[in-house]
Each structure stands twice: as C-alpha cells, then as structure tokens.
Amino acid sequence: MDYFQNMPLHSRVWIYQSDRELNDKEEAEIKIKTQDFIYQWTSHRSKMNACIDVFYKFFVVIAVDEQTAPASGCGIDKSVHFIQQLEKDYSIKLLNRTLIAYKKKDNILSCSLIEFEKLIESGIIDENTIVFNNLVNTTAQIKSSWQIPLKKSWHSKFLPHKNILY
C-alpha cells in the first residue's frame, strides 16, 4: 500500500485476485518481481508512472497514472503477460474473474460465485459482510469503495429479494 500513497487519485487500477492466499515468501518474491517489471514497463516506448503491489496476500494491484503515459494496448498486454507469468511461477490463478473475496472477522476468504450464493443462502454471509469490489477503476475508488458491505456492492444481486407489500 506504500507505493499507492504516491499515486494520484485518478490513476487507473487493475485488480488481480489470487485463488489462494500467498505465503510470506511468495509475497516477498512477487513484490521484488513487480518492482523489476515496473522499472522497465513502457507503453509506446514511454515509461509508465505506475506501481504494483500485493494486498492482503490475495490481490496483485496495478496502478497507472495515465496522465503521464496512457496504458495503451501494448502496455496493457505487457502487464497481462506479467500477471500470466506470476500465475505460472507460483501455481496461482490471478485471471479468474469468477472468484469473490470477502471478510469474515479478521480473515479474508475467497470462493467461487456459486459457493458465494450458497453462503448467502445459508446465512454465513449477509448484507453487512464486507466484500472486495474488484471492479473499481481508480486509486480513489480503491480507498473509498474496494471494501464495502455486500448490500452496497454489485454483489448485492445475490441477496434474496424481500417482498414489499404496498
């Protein structure tokens, strides 16, 4: 999160959620690899004002200040190839967009959409459960609406609808 403190609030973000929690060694190694990648990352030969960090041992988050150099197709392709290489190096899935992360007490848990629906049906997860909204687009949104109650997120569509009588 330290690197993100220096990024402008308008910086574009991409969040890649792991299918499992990273251990301390993996997290440290990935952080070193991200710094190496950032150092040489360009888009149309322009150096990117960017950062990548690992959050909560589950999320690899990329931020780019597109006012200094836009993240064009070739720049985005390079970042996706980097993420794919991390998947291979650590036997993790970061590009699986069907995973949902949520908080249970002080723990972060991850599950599939189908499992998430079952957890709601069983009452293990409710409208006040904190979920991670990986669809946020900016560093400002990371701070304001990445971790929010289920009832205020796109995940709320999985909540049972209450019949309201008029």
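The values are calculated or read from the model by the stated rules, or taken from the named source; none is laboratory data. Small disclaimer: the values here were computed from a predicted structure and weren't measured. Positions of Cβ are generated from backbone atoms using ideal geometry, with glycine treated the same way; all protein chains shown enter the neighbour counts.
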Count of the stretch 13-52 residues which are over 14 Å from Glu87 (Cα atoms) and over 17 Å from the mean Cα position of the chain (by Cα):
20
Of everything in the stretch 50-84 that's in contact (Cβ under 8 Å) with a residue 40 or more places away in the chain and polar (S, T, N, Q), which residue is farthest from Ile30 (Cα to Cα)?
Gln67
Might you check whether a residue that is touching a Lys or Arg at 6+ places or on another chain (Cβ under 8 Å), surrounded by 15 or more Cβ atoms within 10 Å (Cβ to Cβ) and part of a loop (DSSP other than H, G, I, E, B) occurs anywhere in the stretch 142-157?
no
Do the conditions hold for Phe55, that is, is it under 14 Å from the mean Cα position of the chain (by Cα) and at negative phi?
yes
State all residues of the stretch 1-29 that are modelled with pLDDT under 90 and touching a Lys or Arg at 6+ places or on another chain (Cβ under 9 Å); if no residue qualifies, say none.
Phe4
For the stretch 133-147, name all the residues that are in contact with a strand residue (DSSP E or B) (Cβ under 7 Å, 6 or more places away or on another chain) and not hydroxyl-bearing (Ser, Thr, Tyr).
Asn133, Asn134, Val136, Asn137, Ile142, Trp146, Gln147
Does Ser91 satisfy being out of contact with any Ser or Thr (no Cβ under 6 Å at 6 or more places or on another chain), among the small types (Gly, Ala, Ser), crowded, with 19+ Cβ neighbours inside 10 Å and closer than 24 Å to Lys25 by Cβ?
no
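Quick check on my filter: what residues within the stretch 4-27 are free of Cβ contacts under 8 Å to residues at least 60 places away in the same chain, more than 17 Å from Leu94 (Cβ to Cβ) and assigned to a helix (DSSP H, G or I)?
Matches in the stretch 4-27: Gln5, Asp24, Lys25.
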Checking Gln67 against (1) polar (S, T, N, Q); (2) exposed (fewer than 13 other Cβ atoms within 10 Å of the Cβ); (3) within 23 Å of Gln5 (Cβ to Cβ); (4) not assigned by TED's automatic domain parsing to the domain that holds Pro8, the condition it does not meet
(4)
If we scan the stretch 123-130, do we find a residue that is surrounded by fewer than 20 Cβ atoms within 10 Å (Cβ to Cβ), on the phi < 0 side of the Ramachandran plot and out of contact with any Leu (no Cβ under 8 Å at 6 or more places or on another chain)?
yes
